[in-house]
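K.L.:
Sharing a structure, written as structure tokens. Questions coming.
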Amino acid sequence: MAIPDFQSIMLPLLKFTGDRKEHSIRGAIDSLADQFNLTKEERQVLLPSGQQATFDNRVHWARSYLKQAHLVENTRRSYFRITDRGERILQTGVDRIDIKFLEQFEEFQEFRNRKKKPTETDTRPEIVSEDQTPEESLENAYQTLREDLIKEVLAQLKTSSPSMFEKIVVDLLLAMGYGGSRKDAGQAIGRSGDEGIDGIIKEDRLGLDIIYIQAKKWDGTVGRPEIQKFAGALQGKRARKGVFIATSNFSKEAVEFANQIENKIILIDGEQVAQYMIDHNLGVTPVTRYEIKRLDSDYFGE
């Protein structure tokens, strides 16, 4: 089944604590994952940032909302239990607990309606959907902005001159830790065009190994024949590693061929180039940074 939204987790989570015992959040996550019949793959699905499992995040937020309504309470770091109010709610036989249900409690209303001082700016992100946790809303908004930026960078790459694209490739490889010195890298790319090889770049600063480069502006899909030519050029140089960088994409046959041959050839299409540029702040400028913080219960321990 699909991963349940965090509101659908609230009632099962409260029932899980109905034995009045102290439970760990990890234990709750594992038990609820079994209850919802989640597959191994579904349990491992990550948020867009890749920092936390989606289901884990939703259980954490379900507990947080139940806590704000005083249906559960924290006992110590990462442990919690049901409250008297939570028990009374379960005894009513309620068939669903969600945000609308929790709004009957004054404490939860205060939590939802907290206002900043008039002189302060409210920078809290709007929750796009009540089915999303605040972190999911923030990460999905970030992902949308990132995808738009990728499109902008890619469009710029495709309109750049061949020499500018070669410069970008050099700068990117250096930013990623390849190429040795800027002088070495700058001389390597776009220099020879020798037998299908545009240049050579050091794999590390010591030059213990080298990588052969093919960097091309390409209008259409790069097919298998072009990769075969590059592979042949590598064999002619007795080279083991190559990187084929293009502003367009690669055909399925090209990708399969690169994966099957003995030599290691990495294919980097235009969208990947744009993503790497964003990750390494190349050709883009940071505008705003946000940090998501959690309460450090250990700090308050006595």
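K.L.:
Applying the Karplus parametrisation 6.51 cos²θ - 1.76 cosθ + 1.60 with θ = phi - 60° to the phi angles of segment 36-42, what ³J(HN,Hα) value in whole Hz is obtained for each residue in order, glycine and proline being reported as x?
P.N.:
Here the 3J(HN,Hα) series is 8, 6, 6, 6, 4, 5, 5 Hz.
K.L.:
Another question, if that's okay. If a paramagnetic tag sat 7 Å from the Cα of Lys264 along the Cα-Cβ line, which residues of segment 226-245 would have the backbone N under 17 Å from that point?
P.N.:
Once the point is set 7 Å along Cα→Cβ of Lys264, 231, 234-235, 238-245 turn out to lie under 17 Å by backbone N, inside segment 226-245.
K.L.:
Going by average Cβ density within 10 Å per residue, which order do the peptides 33-39, 82-88 take, highest to lowest?
P.N.:
82-88, 33-39
K.L.:
Ordering Arg63, Arg294 from largest to smallest accessible area (1.4 angstrom probe), what's the sequence?
P.N.:
Correct descending sequence by accessible area is Arg294, Arg63.
K.L.:
While we're looking at this one, here's another question. If you count only protein heavy atoms and use a 1.4 Å probe, how large is the accessible surface of Glu103, to the nearest 10 Å²?
P.N.:
80
K.L.:
Past 29 Å, Cα to Cα, is the threshold; run Lys40/Lys216; Lys40/Lys151; Lys100/Lys151; Lys158/Lys241 against it and keep the listed order.
P.N.:
Too far apart for the 29 Å limit: Lys40/Lys216; Lys40/Lys151; Lys100/Lys151.
K.L.:
According to a simple spin-label model (label point 7 Å from Cα along Cα-to-Cβ), what is the distance in nm between Phe101 and Tyr142?
P.N.:
Each label point lies 7 Å from its Cα, and together they span 3.1 nm.
K.L.:
Using θ = phi - 60° and the Karplus form 6.51 cos²θ - 1.76 cosθ + 1.60, what ³J(HN,Hα) does each residue of segment 237-246 get, whole Hz, x for Gly and Pro?
P.N.:
9, 6, 8, 9, 10, x, 10, 10, 10, 9
K.L.:
Hey, another quick one. By the scheme Lys and Arg +1, Asp and Glu -1, what is the net charge of all other residues having a beta-carbon under 13 Å from that of Val94?
P.N.:
Summing Lys/Arg as +1 and Asp/Glu as -1 gives +2.
K.L.:
Please list, ordered by chain and number, the residues whose modelled amide H lies under 5 Å from the amide H of Ile210; skip anything fewer than 5 residues away on the same chain.
P.N.:
Glu203
The values are calculated or read from the model by the stated rules, or taken from the named source; none is laboratory data. Owing to the predicted nature of the structure, the values given are computational and were not obtained by experimental measurement. Virtual Cβ from ideal backbone geometry, glycine too; neighbours counted across all protein chains shown. For accessibility, only protein heavy atoms count, side chains too; no ligands or nucleic acids. Shrake-Rupley method; radii C 1.70, N 1.55, O 1.52, S 1.80 Å.
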